[in-house]
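Down below is the structure, laid out as structure tokens.
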Amino acid sequence: MIVNFHEHPYEGVGEHNASLGIDRMVLLADRDTNDLVCDMAEREPQRYIPFYRADVNDIPKSCAELRHYVQHRGVRGVKFQPLSQSVMPNDPKLYPFYEVCQELRAIVLFHAGVVAFPKHYVRFGNPVQVDDVAWDFPDLRIVIAHLGGNYSYEAMVICSNHPNVYMDTAYLHFFCDRSLPQVQPIELVARAVRFCGPEKILFASEDVHPSLIADSDLAEETKKLILSGNALRLLDEQ
Ligand SMILES: [Zn+2]
């Protein structure tokens, strides 16, 4: 069993993941694809795990929508893209929404790292404010995407400080190519395992293949945790 904890809905996504040996995947919705990811998960519940995208400019509506999607459409978490949503993770306006996430056991995944979108402010790409959210909502399960992107050190510090903060390995090649000093994706994963513990790292793809983990020198038990064990535990399936 291999779980990809960070995927986006596109034509052929299931087949592409299957060709890499991936059995299940978290599908992260955009604002206009909340129903699409739920429809996909309803058709193939063994394959897809839907995550909701909130409207950060209408939190009361998003709280009500999230309740609906969790209770009736199988949603298991929420994706924030602070760069394109122009919001800091610790913005007080989001706190009522986090209350609902914590109550519903919805996992909150934050994009981290600066990517080449037009006019995106760097401050929204830095995950350091996730620390505030983790202190204020100790039962909220949080995932920092891309091992923190350009901010892997900050992400590892936060992840190692909070029992409910995890990191995913999506799109690592992009960020590793742009890191100073340069680092190979598997070296960064190994560093995260050493720093935060093997139970904190979730395999995720976006061009990262499971073989990066499976064929590495990591301990066999660590590989199992990263490729599926941690994800299944986080999803309350193990
Ligand atoms: Zn992504």
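Taking the range 10-32 as the search range and keeping residues that are surrounded by 19 or more Cβ atoms within 10 Å (Cβ to Cβ) and part of a loop (DSSP other than H, G, I, E, B), which one is farthest from the ligand (Cβ to nearest atom)?
Of everything passing the filter in the range 10-32, Ile22 is farthest from the ligand (Cβ to nearest atom).
Could you check how many residues of the range 20-53 are among the polar types (S, T, N, Q) and over 24 Å from Leu225 (Cβ atoms)?
Residues meeting the conditions: 2.
Does Val189 fit the bill of being modelled with pLDDT of 95 or more and within 16 Å of the ligand (Cβ to nearest atom)?
no
Say we look at the range 207-230 and pick out the residues that are at pLDDT 95 or above and within 16 Å of the ligand (Cβ to nearest atom); which of these is nearest to Val157 (Cα to Cα)?
Filtering the range 207-230 for residues that are at pLDDT 95 or above and within 16 Å of the ligand (Cβ to nearest atom), the one nearest to Val157 (Cα to Cα) comes out as Val208.
Only one of these conditions is not met by Ala54: (1) assigned to a loop (DSSP other than H, G, I, E, B); (2) without any contact (Cβ under 8 Å) to a residue 40 or more places away in the chain. Which number is it?
Result: Ala54 fails condition (2) only.
Show me the helices (runs of 4 or more DSSP H) found entirely inside the range 67-146 where at least 2 residues are hydroxyl-bearing (Ser, Thr, Tyr) and more than 16 Å from the ligand (Cβ to nearest atom).
Where helices (runs of 4 or more DSSP H) fall fully within the range 67-146 and carry at least 2 residues being hydroxyl-bearing (Ser, Thr, Tyr) and more than 16 Å from the ligand (Cβ to nearest atom), they are 95-104.
Of the residues Ser205, Ser160, which single one is outside any strand (DSSP E or B) and under 19 Å from Arg76 (Cβ atoms)?
Checking each option against the conditions leaves just Ser205.
Pairs please, first residue from the range 162-180 and within 13 Å of the ligand (Cβ to nearest atom), second anywhere and assigned to a helix (DSSP H, G or I) and charged (D, E, K, R), Cβ atoms under 6 Å, 6+ apart in sequence or on different chains.
none
For Arg76, which of the numbered conditions (1) touching a residue at least 40 places away in the same chain (Cβ under 8 Å); (2) closer than 20 Å to Gly113 by Cβ fails to hold?
Result: Arg76 passes all but (2).
In this structure, does Ser228 turn out to be on the phi < 0 side of the Ramachandran plot, touching a strand residue (DSSP E or B) at 6+ places or on another chain (Cβ under 8 Å) and either surrounded by fewer than 23 Cβ atoms within 10 Å (Cβ to Cβ) or of a type in the set (S, T, N, Q) (or both)?
In short, yes.
The values are calculated or read from the model by the stated rules, or taken from the named source; none is laboratory data. Everything quoted here is computed from the prediction, not taken from an experiment. We place every Cβ from the backbone using ideal geometry, glycine too, and count neighbours over all the protein chains shown.
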